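Structure first, commentary second.
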Amino acid sequence: MSDDAIPRLPHRRWSRALVGLTVLVTGVLVAVQMTATFLYNAPSSLVTQKYAAQVSWWMTPLLTQNWQLFAPNPISENLELDARASVGPGASVTPWLNISAIDDAVTLDNPVPGHLTMNALRNAWREFADTHTSNGLPNADSPMAATAQAYLQNLVLGYLRPRETQTIDSIQIRFVVTLLPGTGRTAAQTLPWWLVLPAAAS
């Protein structure tokens, strides 16, 4: 059989170029993520202050962390997050749902628990608390306040919607914090009712 009769794979050069481009883009994204994570957690310096806005845009709210390099800030409190909804034409109010307990049940005895069930609620609460007053109002000097509220609201809706057959018109959230060690509980912080946009209410 002659060499001309040997079948050749089409577009092999394009395949190699695509693989090379994929590797390059992945490498760049990994490098950006590692750099942003380092700057996000590093002690305050001229470099971290210079790029604070860009790093915050990259990390917030999905990749936020609650520790600092060289000065760890371990978790010293338990958080209980409850939510309820106003549903249907009659605006009936559902009982409070302990969302934290749902995540705890999924995490318990799981050798490889997911990041979302372990940290999503806590991170969302921390971002909200850092950008809002105790009455749930945005801080005047917090440009990320609206983003923090939208993230927390969408996260809570992800738990409420599968449990409700009627349209959710608004939701209300409350937090209860228990300091460690000890059994003392702070007074529940109940936020105002948040309207749910019609397009996202079902």
*Report yes if residue 53 is in a helix (DSSP H, G or I), small (Gly, Ala, Ser) and at pLDDT below 85, otherwise no.*
yes
*So how many residues does segment 130-143 have that are surrounded by 11 or more Cβ atoms within 10 Å (Cβ to Cβ) and either in contact (Cβ under 8 Å) with a residue 24 or more places away in the chain or under 13 Å from the mean Cα position of the chain (by Cα) (or both)?*
1
*Report the residue count in segment 133-163 for those that are among the charged types (D, E, K, R) and over 18 Å from residue 100 (Cα atoms).*
1
_Among the residues of segment 57-73, are any out of contact with any Asp or Glu (no Cβ under 9 Å at 6 or more places or on another chain), more than 30 Å from residue 179 (Cα to Cα) and at pLDDT below 85?_
yes
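Here's the yes/no breakdown for (1) surrounded by fewer than 17 Cβ atoms within 10 Å (Cβ to Cβ); (2) assigned to a loop (DSSP other than H, G, I, E, B):
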residue	(1), (2)
101	yes, no
105	yes, no
109	yes, yes
117	yes, no
125	no, no
150	yes, no
156	no, no
160	no, no
*Considering each residue of segment 77-87, count those that are out of contact with any Lys or Arg (no Cβ under 8 Å at 6 or more places or on another chain) and either surrounded by 14 or more Cβ atoms within 10 Å (Cβ to Cβ) or without any contact (Cβ under 8 Å) to a residue 40 or more places away in the chain (or both), and give that number.*
6
*Before we move on, is residue 105 at pLDDT 90 or above, assigned by TED's automatic domain parsing to the domain that holds residue 154 and of a type outside the set (S, T, N, Q)?*
no
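The values are calculated or read from the model by the stated rules, or taken from the named source; none is laboratory data. Note that the coordinates shown come from a computational prediction; the quantities given were computed from them, not determined experimentally. Note that each Cβ is placed from the backbone with ideal geometry, even for glycine, and that neighbours are counted across all protein chains shown.
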